[in-house]
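The values are calculated or read from the model by the stated rules, or taken from the named source; none is laboratory data. From a predicted model like this one, the values you see are computed outputs, not experimental measurements. Virtual Cβ from ideal backbone geometry, glycine too; neighbours counted across all protein chains shown. Remember, those area values only see protein heavy atoms, side chains included, never the ligands or the DNA or RNA. Shrake-Rupley method; radii C 1.70, N 1.55, O 1.52, S 1.80 Å.
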Amino acid sequence: MDKLLIEGGQCLTGEIAVSGAKNAALPILCAALLCAEPVTFTNVPQLKDVDTLLALLARMGVKIEREGSTVTLDAAGLTDPVAPYEMVKTMRASILVLGPLAARCGQASVSLPGGCAIGARPVDQHIKGLQAMGAAVDVEHGYVRVNASRLKGARLVTDMVTVTGTENLMMAACLADGETIIENAACEPEVVDLANCLTAMGAKISGAGSEMIRIEGVPRLHGARHRIMPDRIETGTYLCAAAVTGGQVRLIGTQASSLDAVIGKLTEAGCVIRCDPDSIHLSAPRRLSAVNLRTAPYPAFPTDMQAQFMALDCVANGAATIRETIFENRFMHAIELQRLGADIHIDGNTAMVRGVERLQGATVMATDLRASASLVIAGLVAEGATMIERIYHLDRGYECLDAKLAALGARVQRVK
Ligand code: UD1
């Protein structure tokens with residue numbers, strides 16, 4: 001299994017391009033299941049999670065053409081609406097095939113994803129929504145089995161804000177009979193990107209990006225071309241990395257408007273940030289100031305940036321409180337950061353972090369995608385060498401991480 005060796009202490013400077021968003025690409029690729037014509041996607045990031053999803057779609061009978069970051073999917077010959085456990089267990093987002101399959105095929109059998117390192121992560125809201133649209137849904141032998149003739153439009157109110165839940169139900173509603181209203185919908189930019197793609201395919205959607213989404217069902221969708229939005233979490237991760245090293249970077253091909261909360265916190269930490277239409281320039285002080293934060297659904301501070309900011313607070317001047325409100329077990333990185341000399345105290349869903357003058361390199365273990373990113377950030381600023389084990393987590397969600405960091409002057413090496 002690959003490891004990442006980082007020699008800390010280099011100031012990150014320079015310019016890199018941001019990739020397409022993982023969390024937009026995954027639902028959007030699933031949207032191709034909704035129609036029997038080819039759909040072409042550009043700016044698709046080359047990531048392990050994308051490979052896993054494409055393998056799952058191929059298994060169902062979807063034809064795939066992939067050239068660099070352009071992927072064309074043709075689900076005309078969709079034969080087998082099944083997502084087996086072996087594939088779903090490696091990537092929870094596979095549940096995103098459920099809504100499209102229910103709508104297009106009237107049946108689906110999708111393995112329950114189960115829990116993961118950051119929490120239980122049930123999919124009851126996805127199921128409840130499909131039931132409200134008239135589908136018969138059973139959970140048997142670890143699989144969600146859906147049967148429906150044509151789904152019927154309905155008024156859906158989710159118990160909590162769920163991103164993939166909103167996406168699944170929005171996709172299902174596109175082919176339903178009549179109007180569906182999703183209330184308490186997720187407002188994440190990736191939901192908007194998916195809605196834009198569905199609209200290009202002929203869907204009738206309004207309100208995406210707000211808490212109420214209206215979808216007027218149509219009998220069928222058609223082929224289209226869609227460019228995946230830039231990855232706001234990848235952007236935020238490199239901004240944090242540059243910030244802790246006292247660096248100066250320019251990230252191009254990104255969208256500052258999707259990062260208000262993150263940019264606000266980096267500014268509060270002492271960075272000077274300039275946003276242009278498709279780029280962000282960050283200039284960091286020699287030492288950052290600690291920042292308090294609380295994760296919540298968009299547009300508040302994203303849980304997917306919590307771990308990276310914990311690394312930032314570990315070396316900042318002062319103390320900070322970090323509250324995680326989305327996932328119940330998302331502080332796994334704290335224990336590893338402590339191995340690098342961080343001063344962190346955890347109490348339930350709150351972490352108290354006291355900045356230290358410096359961290360020391362050590363061997364640490366990545367536990368999930370964003371936790372791994374926080375260890376990379378800590379390694380970049382730690383004294384000496386940090387070896388990060390299990391970096392397959394990083395390969396799931398960061399395209400060419402080592403090459404991009406190296407382009408900014410970091411001393412990183414992938415050890416096979
Ligand atoms: C998505 C993102 C993930 C991000 C998360 C929160 C993708 C592929 N992944 O995950 O990177 O960290 O949003 O921004 O886009 N919940 C239930 N029942 C449900 C659904 C969710 O109880 O049916 C709970 C979850 O356990 C969690 C909270 O709701 O506590 C939010 O989860 P959700 O927004 O659904 O996360 P994902 O869509 O899985």
Using heavy-atom solvent-accessible surface (probe 1.4 Å) with all chains present, what is the largest-first order of Lys48, Lys416, Lys3? Lys416, Lys48, Lys3
If we count every other residue with Cβ under 14 angstrom of Val157's Cβ, Lys/Arg +1 and Asp/Glu -1, where does the sum land? -1
Under the classification rounded if a/c is under 1.5, otherwise prolate if a/b is larger than b/c and oblate if not, where does the chain fall, given a ≥ b ≥ c as square roots of the Cα gyration tensor eigenvalues? prolate
Largest-first ranking of Val356, Val44 by accessible area, probe 1.4 Å, whole protein assembly kept, is Val356, Val44
With contacts defined as alpha carbon pairs under 8 Å and 6 or more residues apart, what's the relative contact order of the chain in percent? 21
What shape does the stretch 49-105 take by its C-alpha gyration tensor, where a ≥ b ≥ c are the square roots of the eigenvalues and a/c under 1.5 counts as rounded, a/b above b/c as prolate, and the rest as oblate? oblate
Cβ under 11 Å from Arg104's Cβ, Arg104 left aside: what net charge do those residues give with Lys, Arg +1 and Asp, Glu -1? +2
With everything on Cα atoms, drop me the angle between helix 232-244 and the longest principal axis of the chain, reported from 0 to 90° to the nearest 10. 0
Fraction of beta bridges assigned by DSSP in the stretch 285-385 that are antiparallel (%, nearest 5): 65
Of the listed links Lys48/Lys204; Lys89/Lys128; Lys128/Lys265; Lys204/Lys404; Lys204/Lys265; Lys89/Lys204, those spanning more than 28 angstrom between alpha carbons are Lys48/Lys204; Lys128/Lys265; Lys204/Lys404; Lys204/Lys265; Lys89/Lys204
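For Ile346 and Glu15, what is the calculated FRET efficiency with R₀ set at 41 Å and r taken between the beta-carbons, to the nearest 0.05?
0.65
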Quick one: length gained pulling Ala136 to Arg414 fully straight, 0.36 nm per residue minus the C-alpha distance? 95.3 nm
Can you tell me the FRET efficiency between Arg66 and Asn147 if r is taken as the Cβ-Cβ distance and R0 is 45 Å, rounded to the nearest 0.05? 0.90
Order Lys204, Lys63 by their accessible area, 1.4 angstrom probe, all chains in place, largest first. Lys63, Lys204
Inter-part gap, Cα centre of the stretch 76-123 to Cα centre of the stretch 311-365, in whole angstrom, is 34
Quick note, the stretch 248-339: a/c under 1.5 would make it rounded; otherwise a/b > b/c is prolate and the rest oblate (a ≥ b ≥ c, C-alpha gyration tensor); here it is oblate
Gap separating the Cα centres of the stretch 8-23 and the stretch 145-163, nearest whole Å: 38
Enter the angle in degrees (range 0 to 90, nearest 10) between the Cα long axis of helix 163-174 and the first principal axis of the Cα atoms of the chain, meaning the one along which they spread out most. 20
Ignoring ligands and nucleic acids, what accessible area does Thr70 show with a 1.4 Å probe (Å², nearest 10)? 50
Per-residue accessible area for Met352 at 1.4 Å probe radius, Å² rounded to 10? 70
By DSSP, what percent of the beta bridges with both residues in the chain are antiparallel, rounded to the nearest 5? 70
First select every other residue whose beta carbon is under 10 angstrom from the beta carbon of Ser258; then total the charges, Lys and Arg +1, Asp and Glu -1. -4
